[in-house]
1. Roughly how many nanometres apart are two label points built 7 Å out from the Cα toward the Cβ at H43 and R14?
2. Over all alpha-carbon pairs of the chain, lay out the pair-distance distribution in 10 Å bins, whole %, shortest bin first.
3. At a 1.4 Å probe radius, carbon and sulfur cover how many percent of the accessible area of the chain?
4. Which whole-angstrom value gives the distance between the alpha carbon centres of segment 15-39 and segment 49-65?
5. Can you tell me the accessible area per residue over the chain, all protein chains present, probe 1.4 angstrom, in square angstrom?
6. Suppose the chain between I23 and S36 were pulled fully straight at 0.36 nm per residue; how much longer would it get relative to their current alpha carbon spacing?
7. Among all the aspartates and glutamates, which ones have a C-alpha under 19 Å from K6's C-alpha, if same-chain residues fewer than 8 places away are not counted?
8. Please compute the net charge surrounding S36, taking Lys and Arg as +1 and Asp and Glu as -1 over other residues with Cβ under 15 Å from its Cβ.
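The values are calculated or read from the model by the stated rules, or taken from the named source; none is laboratory data. From a predicted model like this one, the values you see are computed outputs, not experimental measurements. Using ideal geometry, Cβ is built from the backbone for each residue, glycine included, and neighbour counts are taken over all protein chains shown. Protein only, heavy atoms only, side chains kept; ligands, DNA and RNA dropped before computing areas. Shrake-Rupley method; radii C 1.70, N 1.55, O 1.52, S 1.80 Å.
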Amino acid sequence: MSAESKVLRALRKRNRVTLKTAIERGWAENLTATISRLRKMGHDIVPVMARTPEGETYTRYRLMA
């Protein structure tokens, strides 16, 4: 299964998709490139900025229906 299909499946299931989860779960090594390819295929994926309890920011992705 390709990285695109793994990430897309996770997004469709409404799983939290972040760089950390993508690497930990083996969805994609380069999440930014995978998201870019999915967008070029016509999928509407938006970034959501989030903050950890320690105050650090990170990006998670969401598939718009």
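1. That separation, rounded to one decimal, is 1.7 nm.
2. Going from the shortest bin to the longest, the percentages are 22, 58, 18, 2.
3. With neighbouring chains kept in place, the figure for the chain is 49 percent.
4. Cα centres, segment 15-39 to segment 49-65: 13 Å.
5. 71 Å²
6. 3.0 nm
7. Once the sequence-local aspartates and glutamates are set aside, what remains near K6 is E24, E29, D44.
8. 0
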